[in-house]
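*Asks:* Quick one: structure below, then a few questions.
Quick note: the coordinates plus some simple rules give every number you see, no bench work behind them. Since the structure is predicted, the reported quantities are computational estimates derived from the model, not experimental observations. Please note: Cβ atoms are built from the backbone with ideal geometry, for glycine as well, and neighbour counts cover all protein chains shown.
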């Protein structure tokens with residue numbers, strides 16, 4: 001039997017954008033809001049700190065990757081989305097990036113002047129919205145005692161080479177330092193949307209349906225325009241460990257005055273494509289950004305605190321402006337570590353046996369927009385296909401950045417430095433360096449798929465914002481250029497990379513659009 | 001057929017490892033030395049012509065990659081005890097060396113196979129508490 005909903009606002013996705021929008025709209029309006037989420041509703045009671053078990057929090061059970069299988073494309077697929085499975089790393093929106101978007105894509109609003117009243121809405125500006133987000137998530141710098149050995153080593157290596165570092169800000173409250181942010185916080189200390197904005201929204205009457213696959217958006221023709229009127233979806237059986245659902249499994253039909261898609265940079269364009277959203281200039285899903293990253297592995301001669309404590313607390317953006325590169329300190333647990341560690345058999349195990357002596361951080365490339373990199377809904381297989389390859393210029397920047405990463409790791413005192421790669425470089429059979437002078441061989445890295453492990457986690461820019469319908473899909477209000485009463489508001493809305501870990505930028509965007517929408521809702525009525 | 005395979009080879013009793021188990025079984029059916037790349041058949045040539053790529057260029061590139069792979073595999077072949085053995089007939093060391101060659105192949109498909117097999121084995125192994133103990137990993141704080 002089909003379950004039917006009649007609502008004012010349908011929000012698709014409960015992650016960094018969807019939950020913030022639901023909370024903001026429910027606080028500022030009396031509209032009926034339905035929030036649907038593809039993944040399950042897992043809470044801290046379920047999070048058991050085991051990587052394998054916690055794969056249910058991830059898209060495709062952690063198996064999502066580019067079409068050739070070479071780059072894992074990690075993403076949260078559960079209530080809270082990426083904010084449930086990320087490492088709580090908070091970087092504010094970068095003003096120059098948004099200024100460039102205004103210049104290059106004609107974006108309106110998004111003022112960084114705290115006195116601005118964008119769209120004639122009182123106090124609607126980026127600093128105010130960011131401030132709201134920062135307060136709700138308790139974003140703050142960790143104290144000295146919270147910096148673990150791995151982060152301290154990274155900091156000291158950078159210092160040796162004269163590279164400036166910064167302390168990450170984190171959305172945590174009284175963290176106990178267990179080291180399992182990425183597996184869902186079992187203590188509710190990480191302030192993801194599932195325990196912040198979503199709780200606010202539910203208290204105010206927002207209805208949540210999880211395990212919900214939105215099959216397609218429904219459009220009607222009104223005069224010469226298409227109008228979104230709802231969605232067809234299907235609720236799956238609730239997975240073991242999830243909270244119970246509010247509707248039984250089966251098909252659902254939703255009628256809504258306004259549909260807001262917040263599925264992230266992979267799911268959002270795929271949903272629009274399979275719904276037949278007009279795409280006259282072949283833009284949907286194109287220009288995917290995913291911040292390709294290469295882990296740098298160091299073997300130290302002493303035991304470290306690496307997998308306990310806050311995983312990421314130190315980073316360097318010293319090369320962001322000129323090279324578009326970040327160095328971010330993070331550390332994984334054995335499943336992730338064993339997959340990233342090069343080699344197999346005895347050689348691999350001998351490295352894993354030194355798990356307590358391994359230091360690690362990542363090189364993160366802010367990649368360029370390339371139309372060939374895209375997300376596409378494949379009708380035949382009914383699956384999302386992600387195509388991505390590094391362009392020549394990005395490849396060159398990554399080589400330089402990895403070389404510097406190897407030098408930083410040696411400067412920490414590492415006796416050996418490894419890359420997750422089997423590529424022969426210089427006289428070496430693989431990039432397993434025993435002397436800093438060997439770092440120069442990184443210039444020969446080709447980053448061959450399946451030979452060098454590149455990771456990713458920050459998908460963006462697949463349903464781009466802009467005022468020109470020939471070069472963008474949604475306008476500065478995140479409204480579709482082609483379908484009325486349809487918004488796309490998440491990391492896919494960014495025209496290019498937002499220049500950093502995107503969570504706080506996405507939340508700020510959602511807060512901004514939520515406040516704007518609350519005073520402009522009449523645009524979607526009647 | 002699936003049942004027959006599973007009855008032959010028991011890796012784990014736990015259902016969650018079933019995918020790994022099946023993958024390893026099918027892996028055993030892979031020939032050690034795939035056939036060489038033959039000349040393009042007419043259909044392939046037509047496909048290339050239609051796509052604007054040069055079929056002859058493609059064939060030349062494939063041959064060059066095959067020659068590189070041959071160099072890679074030659075030393076290994078000379079150590080093999082008998083002609084055309086199956087993977088499971090090899091010693092652990094030879095099996096590892098052979099897999100390693102796939103990881104270093106010029107062909108993305110071979111490298112992908114290496115990577116997939118490695119990932120499956122590693123994920124399975126390093127999800128286990130007894131393996132954690134062997135590497136000195138204390139595991140979750142929650143009990």
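*Asks:* Taking 0.36 nm per residue of sequence separation and subtracting the Cα-Cα distance, how much length would be gained by fully extending the chain between residue A:238 and residue A:92, in nm to one decimal?
*Replies:* That works out to 49.0 nm of additional length.
*Asks:* Right, next: Relative to the present Cα-Cα distance, how much length would full extension add between residue A:446 and residue A:392 at 0.36 nm per residue of separation?
*Replies:* Here the segment from residue A:446 to residue A:392 would lengthen by 18.4 nm.
*Asks:* Just from its helices, what would the mean residue ellipticity at 222 nm be for chain A, if runs of 4 or more DSSP H residues each count -39500 (n - 2.57) and the sum is divided by every residue, rounded to the nearest 500 deg cm²/dmol?
*Replies:* -7000 deg cm²/dmol, from helical runs alone.
*Asks:* Further, regarding this structure: Taking every residue in B:118-130, how many Cβ atoms of other protein chains lie within 10 Å of its Cβ, on average?
*Replies:* For peptide B:118-130, the averaged partner shielding equals 6.
*Asks:* Quick one: length gained pulling residue A:213 to residue A:68 fully straight, 0.36 nm per residue minus the C-alpha distance? Could the numbers behind the result be given before it?
*Replies:* On the way: separation 145, 0.36 × 145 = 52.20 nm, distance 2.49 nm.
Roughly 49.7 nm would be gained on extension.
*Asks:* Taking 20 °C and 1.002 mPa s as the conditions, I'd like the Stokes-Einstein D for the protein assembly as shown in µm²/s, using the Kirkwood hydrodynamic radius from alpha carbon pairs.
*Replies:* The diffusion coefficient I find is 81 µm²/s.
*Asks:* What distance in nm separates the simple spin-label points at residue A:354 and residue B:42, each placed 7 Å from Cα in the Cβ direction?
*Replies:* Calculated label separation equals 6.0 nm.
*Asks:* Another question about this same structure. Please give, to one decimal in nm, the separation of the simple spin-label points placed at residue A:368 and residue B:66, each 7 Å out from Cα toward the Cβ.
*Replies:* Modelled inter-label distance: 3.6 nm.
*Asks:* Describe numerically, in nm with one decimal, the distance between label points set 7 Å from Cα along Cα→Cβ at residue A:428 and at residue A:45.
*Replies:* 5.0 nm
*Asks:* To continue, here is another question. Does the range A:1-59 come out rounded, prolate or oblate, given a ≥ b ≥ c as the square roots of the eigenvalues of its C-alpha gyration tensor, rounded meaning a/c under 1.5 and, failing that, prolate meaning a/b above b/c?
*Replies:* Because a/c hits 1.5 or more and a/b exceeds b/c, the range A:1-59 counts as prolate.
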